[in-house]
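To start, the structure under review is shown below, and the notes come after it.
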Amino acid sequence: MESVSSLPLTIPVLTISRCDRWQACQRLQELDIPCDCRADGHLHVEVHHPLVLLQLRSVIQQITASRTELITWLERCWHTPNASDIDP
């Protein structure tokens, strides 16, 4: 018997436009994340691992964020020190 934590979750994604859901579904499938965009426009994503949630968030952010928001996010990433750069 599988434990509850190993069962996949199916998450409906409704916070983005119907057109963007199709684009998100295509990108998630490219990342080998099980999902489908149904005829009614609902996008369902199967989550088997916490990393999938991070990838889902990233895909949604890339589709919905404005250019300015994406530039700000990228600049923050460039200025964030790597763990290997920090002296113990």
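Nothing in this text is a laboratory measurement; each read-out follows from the coordinates by a stated rule. Keep in mind the model is a prediction, meaning the values are calculated, not measured. Note that we place each Cβ from the backbone using ideal geometry, even for glycine, and neighbour counts take in every protein chain shown.
For segment 24-33, filtered to residues that are charged (D, E, K, R) and in a helix (DSSP H, G or I), the residue that is surrounded by the most Cβ atoms within 10 Å (Cβ to Cβ) is Arg27. Scanning segment 34-76 for residues that are in a helix (DSSP H, G or I) and of a type in the set (Val, Ile, Thr) yields Val52, Val59, Ile60, Ile63, Thr64, Thr68, Ile71, Thr72.
Selection over segment 57-73 of residues that are over 13 Å from Asp20 (Cα atoms), surrounded by 12 or more Cβ atoms within 10 Å (Cβ to Cβ) and of a type outside the set (Ser, Thr, Tyr) gives a count of 2.
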